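The values are calculated or read from the model by the stated rules, or taken from the named source; none is laboratory data. Please read these numbers as outputs of a predicted model, since none were measured by experiment. Here Cβ is always computed from backbone atoms with ideal geometry, including for glycine, and neighbour counts include all displayed protein chains.
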Amino acid sequence: MNTIFRKSMLSVAGLAFAGGVFAGPIAAHANPVDAKPVAVAVQSAAPKPQGEQSHISLNDEQTANVKAIIAATKKAGLPERAAVISIATSLQESKLENLGHLGDMNDHDSLGLFQQRPSSGWGTPEQITNPEYSTTAFLKGLKQVDGWQDMALTDAAQTVQVSAYPDAYAQWEQQATDLVGQHWNS
């Protein structure tokens, strides 16, 4: 099935390219007097949140972690959408709490805001529990995802995190969007 779909998509892309090759030279010589303005629909840069949304009240530490994620995102030169994905991911992974080792409750050796694992190469325990470092590490992974800016938040987060619960990130998108809107310019 994937092969058929892939071939179909390549055929459509080929037709679109061929149409552009043939129509391009014709359009280039069109009489500008006959040209009429065309209305263009503007699509929002970020997809709408998917599914039922969750929300938690934040304490001062969690709010400070939101601000640290936003600061690291800005420092990396990435847009607000990257901060939304990062905050939603941290909401799912740790509820924006910079978690140390949780003993028997720990998921393997996961630590910090993003529940990154030293054994998986995310960094040392000291690095992973540093909000700027862990956010930068997450963003580095996000930048390696082709088209992350336009994909559903849960897909972008899952590609970086490789969670056992890949759809769980979506529930935090609205709160993450609201937090970025509230703190991006502060």
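Only one residue in Trp148, Trp172, Trp122 is over 26 Å from Gln50 (Cα atoms) and of a type in the set (A, V, I, L, M, F, W, C), so which one is that?
Trp122
I'm trying to understand the selection: among the residues of segment 116-168, which are closer than 23 Å to Ile70 by Cβ and aromatic (Phe, Trp, Tyr)?
Residues satisfying the conditions are Trp122, Tyr133, Phe138, Trp148.
Pro47 - would you say it is modelled with pLDDT under 90 and out of contact with any Leu (no Cβ under 9 Å at 6 or more places or on another chain)?
So Pro47 fails the test.
In segment 61-167, which helices (runs of 4 or more DSSP H) lie fully inside it and hold 1 or more residues that are surrounded by fewer than 14 Cβ atoms within 10 Å (Cβ to Cβ) and among the basic types (Lys, Arg)?
131-143
Among all residue pairs at least 6 apart or on different chains, which show Cβ distances below 7 Å where the first residue, located in segment 150-164, is in contact (Cβ under 8 Å) with a residue 40 or more places away in the chain and over 17 Å from Glu80 (Cα atoms) and the second is surrounded by fewer than 21 Cβ atoms within 10 Å (Cβ to Cβ) and of a type outside the set (Gly, Ala, Ser)?
Hits for this filter: Val160/Val145.
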